[in-house]
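The values are calculated or read from the model by the stated rules, or taken from the named source; none is laboratory data. Remember, it's a predicted structure, so these values are computed and weren't measured experimentally. Note: ideal-geometry Cβ built from the backbone for every residue, glycine included; neighbour counts use all protein chains shown.
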Amino acid sequence: MREFLYAPDRILVNEGEYIKELILLKEGKVEIFSNFCGYSSVESKGIFGAEMIVPNTKSFESIRIVENSRIVLIEKELAEKFLLSNSSLIIHLIKKYILKIISLNNKIYGSVKKNKNNKENIKDKNLTKEELSKKYLKISRRKLFHHIEDEHFRIYTKARWLFNKGKIKESLNELKKIQYTNFDIYFQAEIEIWKYLCMILISPDKKYYLEKTLKEKYPFVKELFSFMIFESIITNTPLSKPLVTYLKSGYLIPSNTVLFYEGEEGNWAFMILTGNVRVSQFDERGERLLAVLSNEEVVGEIACFKEIQRTATVFTSTPLQVIKIEKSNLDELVISNPAFGLKIVKNLIKRLDFERYWHSPLSFEEKLNFMIKKYGKNILNKSQLKIEEIKELFRINDKKDSELIDYLFKSNIATLRADGTLKFM
């Protein structure tokens, strides 16, 4: 680490450059401005240039000294170690990158107006966005969806809260109220793990019998973070930081569950640990797929910064293990587990870098290859996407369905399953 005193008008970083050192402002003021994000501010504290912690990512902003400033430059090799030892700076970066995403969204989508040629369904005239989303999700998907705020999820979260407060008997009583057989087998396993853990803490002599029962009944149980906690507790092994984070704020959400509808108010987000969600908008024309999000991606991150109306409907396509991030617990989560906070920072940087790349001039082949690499063939195949959904997800507007299918087949990129979904090879 090296410390310098810089005079006004010194340019520390130009937007679009690779960053060589992390920049910590100790005294003075700097102006930052981003043409891409449509964002600018003058700041008297903070850290800059964190894009360097994600390989091959260029700066999103230019940084200029506006008054005599004391700057500490931190070498690339020390950057992550330095941030992990300064959780307050990680929190600062999370909020900073969320502001950039908000600004970028306003720049890209703020001026988009509703097409007057799309006549509104008279029956939908008095419905809110949330009501419209619920209506057309049901029509489009033709199946029953749970919601994260339904009664049984409320009981589940209450039971977990009681468990963390040491009120084990009260937690067990709440867990017994949950009719979990109505949900997928992963959620059934989740509820039984917490029930059995409560029973063991009340009567320790049952621990090995209950552990054996879980393993025999649910062959996949070792994949669940709750079972990892279960095993740590019955063997008196200290919980690792990721498991402490899951114990405090982690949940398993079954498949076919809505995290939030477009138009809902929200002040929380999720980091996905395992599983996939679909981010979509619904109307009388059906579903418009905006994104598929998976491991270590954050959904609803803007709500960590300010209370907003959701701009899309997000629902699970597989069982999901997540960390719930709220405005009220963001600081605590990062302070107790800085590595978790740094994952959020990296995810936000990747989100911005994706948009920057996507808005650069790209050929059809470059778009296609980039998106397949971004999502990964495994996630694309698990999502069971139809050709029109691939076009929406990959933002390909200049090809007919038949042209795209023909290209995928001839290039040995994907084949068509019997149900009409694509299988990537």
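Computed values, structure above
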item	result
Any hit, the stretch 7-15, residues being at pLDDT 95 or above and closer than 21 Å to E301 by Cα	no
Filtered residues of the stretch 397-422 (kept if under 13 Å from I372 (Cα atoms) and among the β-branched types (V, I, T))	I413
Unique match (being under 27 Å from V258 (Cβ atoms), modelled with pLDDT of 90 or more, surrounded by 13 or more Cβ atoms within 10 Å (Cβ to Cβ) and in contact with a helix residue (DSSP H, G or I) (Cβ under 9 Å, 6 or more places away or on another chain)) among I349, I387	I387
Candidates I98, I63, I94, I90 - the one that is among the β-branched types (V, I, T), buried (at least 19 other Cβ atoms within 10 Å of the Cβ) and over 21 Å from the mean Cα position of the chain (by Cα)	I63
Of the criteria (1) part of a helix (DSSP H, G or I); (2) under 30 Å from A189 (Cα atoms); (3) touching a Ser or Thr at 6+ places or on another chain (Cβ under 9 Å), which one I344 fails	(3)
Of all residues making up the stretch 326-340, the number that are charged (D, E, K, R), at pLDDT 90 or above and touching a strand residue (DSSP E or B) at 6+ places or on another chain (Cβ under 7 Å)	0
The stretch 61-88, residues that are among the aliphatic types (A, V, I, L, M), free of Cβ contacts under 8 Å to residues at least 60 places away in the same chain and assigned to a helix (DSSP H, G or I)	A79
Subset of the stretch 349-398 (residues that are of a type in the set (F, W, Y) and not in a helix (DSSP H, G or I))	F394
Candidates K248, K215, filtered to the one that is closer than 23 Å to I91 by Cα and part of a helix (DSSP H, G or I)	K248
Near pairs, Cβ below 9 angstrom, 6+ apart or cross-chain, from the stretch 4-17 (assigned by TED's automatic domain parsing to the domain that holds G49) to any residue that is aromatic (F, W, Y)	L12/Y6; L12/F48; V13/F48; E15/F33; E15/F36; E15/F60; G16/F36; G16/F60
Matching residues, the stretch 122-164, being of a type in the set (D, E) and more than 20 Å from I253 (Cα to Cα)	D124, E130, E131
Members of the stretch 251-282 that are of a type outside the set (F, W, Y), in a strand (DSSP E or B) and within 21 Å of F394 (Cβ to Cβ)	I272, V277, R278, V279, S280, Q281
Boolean, G300 is crowded, with 19+ Cβ neighbours inside 10 Å and on the phi > 0 side of the Ramachandran plot	yes
The stretch 175-199, subset assigned to a helix (DSSP H, G or I) and aromatic (F, W, Y), residue surrounded by the most Cβ atoms within 10 Å (Cβ to Cβ)	F187
Complete set of residues in the stretch 268-300 that are within 8 Å of the chain's Cα centre (by Cα) and hydrophobic (A, V, I, L, M, F, W, C)	A269, F270, M271, I272, L293, V298, V299
Residue that is surrounded by the fewest Cβ atoms within 10 Å (Cβ to Cβ) [pool: residues in the stretch 136-174 that are small (G, A, S) and either in contact with an Asp or Glu (Cβ under 7 Å, 6 or more places away or on another chain) or outside any loop (DSSP other than H, G, I, E, B) (or both)]	S140
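Yes/no per residue for (1) under 19 Å from the mean Cα position of the chain (by Cα); (2) among the aromatic types (F, W, Y):
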residue: E192; (1), (2): no, no
residue: T213; (1), (2): no, no
residue: K222; (1), (2): no, no
residue: E231; (1), (2): no, no
residue: I234; (1), (2): no, no
residue: S240; (1), (2): no, no
residue: Y246; (1), (2): yes, yes
residue: N256; (1), (2): yes, no
residue: G266; (1), (2): yes, no
